[in-house]
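The values are calculated or read from the model by the stated rules, or taken from the named source; none is laboratory data. Treat the numbers as computed from the prediction; the structure is a model and nothing was measured. All Cβ positions, glycine included, derive from the backbone under ideal geometry; neighbour counts span all protein chains shown. Each accessible area value is taken on the protein alone, full model and side chains, heavy atoms only, with ligands, DNA and RNA left out. Shrake-Rupley method; radii C 1.70, N 1.55, O 1.52, S 1.80 Å.
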Amino acid sequence: MTKDVVLDHVSIRFGGYTAVENAHLTIRGGEFFSFLGPSGCGKTTLLRCISGFVQPSAGRVLIGGEDMRNVGPNKRPTALIFQNLALFPLLTVAENIAFPLEVRRVGRKQRRKRADELLEMIALPGTGDKKVHELSGGQKQRVAIARALAAEPDILLLDEPLSALDLKLRQHMRTELRAIQQRVGLTFIYITHDQGEALTMSDQVAVMNAGVIEQIDNPETIYNRPRTPFVASFVGESNAIHGVVLSQTGRLATLDTPLGPLTGQAAGGRTYLPKERCTLFVRPEQLFIADTPPEVNTIKAKRVNEEFEGSIRTLYLQAGGEALRLYHMNAAVSAALASGDGAVTVSFKPEQATILPDDPALSG
Amino acid sequence: MTSLARFSRDFSSRHGTGAASFVVAAVLFWIVFLILLPQLAMLDVSFRHNLPRPEVGGPRDVHTLDNYRYFLFGNSGGAALNALDIGVLTKTLVAAVLVTVLDILLCYPIAFILAHSASGAGARLMVIGLIVPFWINDILRAFAFRILFGATGVINGVGLSLGLWDQPIDFIRADVALYAGLAYTYVLLMVFSIYNAVETLDRNQIEAARDMGASWWRVHWRIVLPVAKPGIASGATMVFMLTAGALAAPQILGGPSNLWFTQLIYQWFNDAGDWARGSAYATILLVVCLAFVFLMMRIFRVSIGAIGR
């Protein structure tokens, strides 16, 4: 049956360098779980620790309740898909896929049968006798997945497997990966620096920065309710406006900013004291052009530049010495856009903005 | 020849005509004057009689198969095989194969560790350790092995004083010293050939195989060895050819009853003064060795191109 993966206060150090600091989380069986973070944040090290190539310096890794200390990578119920796929170039596609079975001394006929079944599943029937280099990037991708599945693991670990593909293929493979995961019902643990991948595919996302897991939540919560300034700025685009707290009523706090008083939601239901230094994060698509004067959050801005990107138009604005970005849906008509002098009033809904404290010790 | 022309055209467009003509001229000189012509001259001599100087160019100076006939049948005139000389050749080839296999077994792990496990200072130390012995002259090295393996040598001394054996072992007569000396001499050629091939292997492939449950044995058999194969082939070719053609080491380290085929060639040239027969024997050695190498390459499915890589 599906097995939970538990990281129990795992830290990983190399010499004096701490790659992962006190990772503590549970990945439930059957989940699509992503670690999202910039390169060098320790996410790959963490994955190698789960697969058994790296030992934790402190803490434990448990899979299905069993402590994995001293259990080698070849003895764990995990299969790792490498960033460069690590397909064996001298073997045929079928031999690649059947390699885990060859290891278990499954007979030649049966290996071939299973390889053909898996090729059927990844929609590459009849390619078993080809050499790996005869396949396209996306096909290699799927062969790597099939090879990992042939090992019949409980947990599939994927280390940025889509990063080598071009944009179109990457987007296609996202859907495909998610579909495969739901079909086979395995736990997928996915490493990526691409927030789009993490948000579209995952049940749960852990955002990592400098070895520390900053937030674990479902994609919508990660995007809409970031808990730390890093998450707010790393996941998606954000306008960050610094200020000090004026007042708070319920969950809404008002900051005094160079752009005037602005109201947003206090992150995590916290209560701020007046004069506390905070930052308000509001996403470009949550800013809108107010054709009639809004009740709150009135920002008088000047249009500096704009980019037309098809479905949206990005407006670069200047207000109170801060640069702002606004995504304007092309379908939305606005009289202000047509006006020539560049002065524009923008606003946002208080409950869509997030206010986070500047002091990192208070975040999280 | 067309590929040579294409090469010179590419090369001259990149490095200028002067450099290109120098490289082409040097390579042609090397191949034609230093390899092809001497071999052809030797081949020609091997088909002639060993005549006294005044008769060279005279009516008796004609081509003959005598020298080759002598190798096969000796003085028996076709009645019996020349068991002695054929035996020496066979023994030389078997010994060269043994030395080559010994070097493969010795060098594969070294090359693998050098390419994939050792790093930084450790790797540099290993390479230096492999190279330093070659600062010592060939002959000296052979004599050093004689001292090492002699009846009163270091190994017998240690073995006797530790009580591992109670009579000095004659390593020289048993050819242990010879095999050890030859294998040692060509270790470097084998290590670097295999290293070149193994180094191209992506480490992730080893880890991927491990992750899928493969034992170390299987990782090497299925993943590393196929990549190392061309390197092993080129190393083995060099070691085999050089061992079969070695002269100094067999002379110094060989047992008293043990003759290397090169020693026969040497005797025909120098002691007997019969250059024609010496040439024939040298040609036989070359052809047999080449045939053997090509046969091995066919058996192990290695192409010439793979060796050149």
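Worth pointing out:
- Some residue of the range B:223-233 being of a type in the set (A, V, I, L, M), under 28 Å from A:L149 (Cα atoms), within 14 Å of another protein chain (Cβ to nearest Cβ) and not in a helix (DSSP H, G or I): no
- Screening the candidates A:G30, A:G107 for the property of being under 25 Å from A:A146 (Cβ atoms), surrounded by fewer than 16 Cβ atoms within 10 Å (Cβ to Cβ) and more than 14 Å from chain B (Cβ to nearest Cβ) yields one hit, A:G107.
- Against the conditions (1) within 23 Å of A:N209 (Cα to Cα); (2) free of Cβ contacts under 8 Å to residues at least 24 places away in the same chain, A:E295 satisfies every one except (1).
- Residue list for the range A:294-331, restricted to those being exposed (fewer than 15 other Cβ atoms within 10 Å of the Cβ) and within 17 Å of A:P350 (Cβ to Cβ): A:E295, A:V296
Yes/no per residue for (1) farther than 23 Å from A:K3 by Cα; (2) surrounded by 22 or more Cβ atoms within 10 Å (Cβ to Cβ); (3) out of contact with any Pro (no Cβ under 6 Å at 6 or more places or on another chain):
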site: A:Q139; (1), (2), (3): yes, no, yes
site: A:V143; (1), (2), (3): yes, yes, yes
site: A:A150; (1), (2), (3): no, yes, no
site: A:K168; (1), (2), (3): yes, no, yes
site: A:Q171; (1), (2), (3): yes, no, yes
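- All conditions in (1) at pLDDT 85 or above; (2) of a type in the set (D, E, K, R); (3) over 30 Å from B:V198 (Cβ atoms); (4) touching an Asp or Glu at 6+ places or on another chain (Cβ under 8 Å) hold for A:R178, with the sole exception of (4).
- Residue in the range B:211-220 that is part of a helix (DSSP H, G or I), among the small types (G, A, S) and within 13 Å of chain A (Cβ to nearest Cβ) present: no
- Pick from the range A:332-354, criterion open to solvent by less than 60 Å² (accessible area, probe 1.4 Å) and more than 30 Å from A:S247 (Cα to Cα), ranking: modelled with the highest pLDDT: A:G342
- Residue tally, condition modelled with pLDDT of 85 or more, within 28 Å of the chain's Cα centre (by Cα) and of a type outside the set (S, T, N, Q), over the range A:307-321: 6
- When the criteria are applied in full, A:S39 fails the requirement of being open to solvent by 30 Å² or more (accessible area, probe 1.4 Å), among the small types (G, A, S) and at pLDDT 90 or above.
- Verdict on B:R173 being on the phi < 0 side of the Ramachandran plot and within 11 Å of chain A (Cβ to nearest Cβ): no
- Of all residue pairs spaced 6 or more apart or on separate chains, those with beta-carbon atoms under 9 Å, a first member in the range A:80-91 that is more than 7 Å from every other protein chain (Cβ to nearest Cβ) and a second member that is hydrophobic (A, V, I, L, M, F, W, C) and surrounded by fewer than 18 Cβ atoms within 10 Å (Cβ to Cβ) are A:Q83/A:A164; A:L85/A:A164; A:L87/A:L135.
- Given (1) of a type outside the set (F, W, Y); (2) open to solvent by 10 Å² or more (accessible area, probe 1.4 Å); (3) more than 13 Å from chain B (Cβ to nearest Cβ), index of the condition A:L119 fails: (2)
- Selection over the range B:178-217 of residues that are surrounded by 18 or more Cβ atoms within 10 Å (Cβ to Cβ) and either in contact with a His (Cβ under 9 Å, 6 or more places away or on another chain) or basic (K, R) (or both) gives a count of 4.
- Lone unmet requirement of (1) within 14 Å of chain B (Cβ to nearest Cβ); (2) closer than 19 Å to A:Q204 by Cβ for A:G42: (1)
- Residues satisfying the stated conditions in the range A:259-293, i.e. out of contact with any Asp or Glu (no Cβ under 9 Å at 6 or more places or on another chain) and open to solvent by 30 Å² or more (accessible area, probe 1.4 Å): A:P261, A:G268, A:G269, A:R270, A:T271, A:L273, A:P274, A:K275, A:F288, A:D291, A:T292, A:P293
- Elements of type helices (runs of 4 or more DSSP H) contained in the range B:241-309, each with 3 or more residues being at pLDDT 90 or above and more than 20 Å from B:V99 (Cβ to Cβ): B:275-299
- Any hit, the range A:46-69, residues being open to solvent by less than 10 Å² (accessible area, probe 1.4 Å), in contact with a Phe, Trp or Tyr (Cβ under 9 Å, 6 or more places away or on another chain) and within 14 Å of another protein chain (Cβ to nearest Cβ): yes
- Subset of the range A:154-166 (residues that are within 14 Å of chain B (Cβ to nearest Cβ) and open to solvent by less than 10 Å² (accessible area, probe 1.4 Å)): A:I155, A:L156, A:L157, A:L158, A:P161
- Residue check, B:D66 within 22 Å of B:A280 (Cβ to Cβ), of a type outside the set (F, W, Y) and touching a His at 6+ places or on another chain (Cβ under 7 Å): yes
- For the residues A:T192, A:T187, A:T200, the requirement of being in contact (Cβ under 8 Å) with a residue 24 or more places away in the chain and over 14 Å from the mean Cα position of the chain (by Cα) singles out A:T187.
- Picking from residues in the range A:75-92 that are polar (S, T, N, Q) and surrounded by fewer than 19 Cβ atoms within 10 Å (Cβ to Cβ), the one that is modelled with the highest pLDDT is A:T92.
- Within the range B:198-205, at least one residue is part of a helix (DSSP H, G or I), more than 14 Å from every other protein chain (Cβ to nearest Cβ) and touching a residue at least 40 places away in the same chain (Cβ under 8 Å).
- Test: residue in the range B:38-47 that is under 28 Å from B:I284 (Cβ atoms), in contact with an Asp or Glu (Cβ under 9 Å, 6 or more places away or on another chain), modelled with pLDDT of 85 or more and surrounded by 10 or more Cβ atoms within 10 Å (Cβ to Cβ): yes
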